[in-house]
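The values are calculated or read from the model by the stated rules, or taken from the named source; none is laboratory data. These figures come from a predicted structure and were not determined experimentally. All Cβ positions, even for glycine, are placed from backbone atoms using ideal geometry, and neighbour counts span all protein chains on display. Remember, those area values only see protein heavy atoms, side chains included, never the ligands or the DNA or RNA. Shrake-Rupley method; radii C 1.70, N 1.55, O 1.52, S 1.80 Å.
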Amino acid sequence: MMIWITNSRYRIGLVCLLIAANAALVGCNNEAEIVRQARRKQKQQLANEAATVDHLNEAAGYISRMVELDPQAATRQINYHLNAWLEASPPKVDRQLSPMAAQRMQSFPDEVDAVRPDSDTFLPGDIDYFRRCFLLSRVANWAGDGPLHDPILAGWLADEESGLDPSQAQTLEKACRLFDWTLRNIQLQPMQFPANSPRVAPKEMPPGLVFDGPGYRQTLEECLWRGSGDGLQRSRVFLALCQQAGLDACMLAIKHPDRDSVAPWLVGVRAGQQVFLFDAIIGTHVPGPGQEGIATLAQAKEDPAVLRRMKIAGLYDYPVDSSWLSKVVAFIDIPTEAFCWRMKALQQGLTGDARMQLTYDPESIAAWEELELIDEVQAWSIDALARRYHFAMQRAMSDDLKVYLDQQMRWGMLSPNFPLANARWNHLSGEFDRDEDDGARILYMNLRIPDTDIENLPYDVNLQVQLNARRQPGQPQEAYDQQLRIIQAQYRQAKQAATFWLALIQFEDSRYENAATWQQKRVLGRDAQSPWGPSARYNVGRALEHLDRPDEAIEYYKTQRDPQEHGNRIRARLLSREVAE
């Protein structure tokens with residue numbers, strides 16, 4: 001399209017020159033008028049051409065390649081195309097806020113200014129939400145429709161005696177794929193880091209928030225992008241994937257006997273009139289009666305043994321029992337942007353592969369309200385808290401160099417100007433082998449730079465050029481030395497992450513032998529200090545299950561002091577039971 005417009009301009013310009021030349025021959029009296037007419041004609045033709053541009057597809061095209069482009073320039077282009085689409089084809093949507101949205105705005109009035117739900121145009125901040133939903137929809141598409149990698153649940157889902165009707169089985173099979181993906185891909189962090197953590201905290205945080213607080217210390221996209229998060233953040237990733245896949249899911253909250261308020265417990269997925277239980281906080285589904293399949297909320301209420309079997313004798317107690325389920329609240333995780341009429345319009349307008357869920361279906365909320373086992377439905381406040389925390393950290397990074405350097409050392413390897421970002425984007429998009437030199441697999445391989453090269457970076461000019469680490473004119477030596485230390489740390493972290501994520505791609509391809517070998521030899525064997533060790537051990541166990549080596553898998557699940565050890569040991573128990581049968 002852009003080439004055709006450029007040629008049109010060239011042709012029209014040539015006509016203008018010919019007209020002007022002809023005017024010089026017949027006299028100059030009409031020359032100015034002739035040129036004005038030609039320019040008016042040119043302007044009208046260009047306007048007609050612009051009207052034919054599919055602005056919505058242009059915006060979707062930019063969002064799909066956002067990591068390859070300058071983020072600020074891409075945001076401007078997407079914002080322009082979305083607003084041009086609104087102006088050319090104003091969609092008819094209800095702009096009135098729902099009662100749940102009004103409740104949310106009253107609870108967090110500062111979000112009204114940040115999101116401006118009544119704005120007549122798309123705002124730059126909307127593009128961040130658009131990008132987030134794009135990534136989640138891509139994962140939900142390829143992971144939700146891929147192989148069911150969980151052999152423990154595969155037989156139960158296919159068993160006619162499981163009591164599931166075909167619709168329930170179909171819903172749960174997709175939910176199991178997405179939950180399994182979440183556990184294998186989002187490494188579990190503790191809810192609260194130790195007090196002696198080396199992290200650099202800002203001088204102050206907003207009221208009600210603490211540094212590295214549980215559930216909100218990362219945004220949902222950061223958790224997905226970085227591949228790690230605490231139990232609440234992992235729950236949010238699973239919930240968001242379910243939403244993109246068209247599944248009804250919520251965070252079930254319960255009332256502790258000694259407290260007045262309700263607290264998040266685990267994720268419930270609705271299939272028919274039943275709610276099935278998935279605990280991303282400890283890292284396992286809740287086994288049903290007799291350790292078969294997935295327990296429902298009704299079974300957990302009626303049969304105390306269901307939650308009692310979530311304990312690991314002598315090691316882990318389960319913090320909930322059936323007596324606490326007298327009041328169950330459904331927390332719906334709805335980002336504030338999802339309440340905006342603009343997102344309703346955009347969701348309606350997107351077609352084909354660009355389709356994604358940008359709002360929450362009111363019928364889904366009504367379905368939760370109608371369930372007898374659910375006492376109340378609320379909008380979960382966790383997204384608003386994560387937004388506040390994110391903005392507070394952005395301010396702290398701009399005001400405090402120590403906070404900025406600490407964040408760069410931790411997550412700089414995933415910044416847009418670092419090569420790992422493109423590989424990660426393609427990975428989450430399911431583009432493992434998009435082109436010969438541009439799929440996630442080859443990009444990850446390119447980041448497995450020899451350790452000696454990383455160590456020699458301060459002394460090797462050729463490496464500095466290759467890794468974009470040259471000293472800038474006028475840059476003080478001390479500042480450059482600090483820059484080199486950060487770049488070295490980023491490349492070490494990028495190599496560790498790339499190695500681990502390569503093994504995950506092998507697993508997604510059902511190459512379980514290669515997946516286990518990569519994790520054992522390249523993640524756990526060569527780098528004992530790899531930050532991906534706990535998740536690598538879990539993924540080795542999962543691969544060994546497929547290789548019919550259950551005893552070895554069980555040993556990996558029993559690794560002590562891994563953050564997910566509680567859930568791993570429950571899986572080991574289920575696997576031992578299958579072997580015994």
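Kindly check whether there is at least one residue in the stretch 209-227 that is open to solvent by 10 Å² or more (accessible area, probe 1.4 Å), touching a residue at least 12 places away in the same chain (Cβ under 8 Å) and more than 21 Å from the chain's Cα centre (by Cα).
Checked against the condition, which is being open to solvent by 10 Å² or more (accessible area, probe 1.4 Å), touching a residue at least 12 places away in the same chain (Cβ under 8 Å) and more than 21 Å from the chain's Cα centre (by Cα), the stretch 209-227 yields at least one hit.
Do any strands (runs of 3 or more DSSP E) entirely within the stretch 255-354 hold 2 or more residues that are β-branched (V, I, T) and within 27 Å of G155 (Cα to Cα), and if so, which?
Correct list: 262-271.
Please go through the stretch 474-491 and pick out each residue that is in contact with a helix residue (DSSP H, G or I) (Cβ under 7 Å, 6 or more places away or on another chain) and of a type in the set (A, V, I, L, M, F, W, C).
Those that are in contact with a helix residue (DSSP H, G or I) (Cβ under 7 Å, 6 or more places away or on another chain) and of a type in the set (A, V, I, L, M, F, W, C): I486, A489.
Can L358 be described as in a loop (DSSP other than H, G, I, E, B), in contact with a Cys (Cβ under 7 Å, 6 or more places away or on another chain) and touching a residue at least 24 places away in the same chain (Cβ under 8 Å)?
Criteria met by L358.
I'd like to check something: does the stretch 238-248 contain any residue that is under 29 Å from K558 (Cβ atoms), at pLDDT 95 or above and open to solvent by less than 20 Å² (accessible area, probe 1.4 Å)?
Scanning the stretch 238-248 turns up at least one residue that is under 29 Å from K558 (Cβ atoms), at pLDDT 95 or above and open to solvent by less than 20 Å² (accessible area, probe 1.4 Å).
Yes/no per residue for (1) small (G, A, S); (2) closer than 28 Å to G229 by Cα; (3) in contact with a Leu (Cβ under 6 Å, 6 or more places away or on another chain); (4) not in a helix (DSSP H, G or I):
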| position | (1), (2), (3), (4) |
| --- | --- |
| M393 | no, yes, no, no |
| Q408 | no, yes, no, no |
| P416 | no, yes, no, yes |
| A421 | yes, yes, yes, no |
| F432 | no, yes, no, yes |
| D437 | no, no, no, yes |
| R448 | no, yes, no, yes |
| T452 | no, no, no, no |
| Q464 | no, no, no, no |
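Do you know which residues across the stretch 541-581 are part of a loop (DSSP other than H, G, I, E, B), open to solvent by 70 Å² or more (accessible area, probe 1.4 Å) and touching a residue at least 12 places away in the same chain (Cβ under 8 Å)? Please lay out each step first, then the result.
Our first condition is that a residue be part of a loop (DSSP other than H, G, I, E, B); within the stretch 541-581, this holds for 547-549, 558-564, 581.
With the extra rule that they be open to solvent by 70 Å² or more (accessible area, probe 1.4 Å), the set shrinks to 548-549, 558, 560-561, 581.
Within the stretch 541-581, K558 is the sole residue that qualifies.
Could you please let me know if A489 is small (G, A, S) and closer than 30 Å to I186 by Cβ?
yes
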